[in-house]
């Protein structure tokens with residue numbers, strides 16, 4: 001969800017996501033370290049999105 005593109009205020013987005021407006025502000029400022037991976041997935045799910053995680057092996061340095 002792009003809050004700016006949707007025309008929603010941070011307060012409206014917070015209501016939709018079920019979090020405080022200050023947490024929306026943190027997201028918009030890129031303060032990812034304040035959120036667990038589980039919370040980020042939960043927020044996406046609340047927006048009706050399906051989340052897929054893909055892990056790849058790191059290249060081996062010889």
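Key figures for this structure:
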| read-out | value |
| --- | --- |
| Residue-averaged [θ]222 nm for the chain, counting only DSSP H segments that reach four residues, each worth -39500 (n - 2.57) | -12500 deg cm²/dmol |
| Percent RCO, i.e. relative contact order, over the chain, from Cα pairs under 8 Å lying at least 6 residues apart | 23 percent |
| The chain: most fluctuating residue of 33, 44, 12 per GNM, C-alpha cutoff 10 Å | 33 |
| Square roots of five times the Cα gyration tensor eigenvalues for the chain, Å | 28, 13, 11 |
| Spin-label model distance (nm) - residue 28 vs residue 47, 7 Å beyond Cα toward Cβ | 1.4 nm |
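None of the figures in this text is laboratory data; all of them are computed from the coordinates on show. What you see is a predicted model; the values in this text were computed from it and never measured. Positions of Cβ are generated from backbone atoms using ideal geometry, with glycine treated the same way; all protein chains shown enter the neighbour counts.
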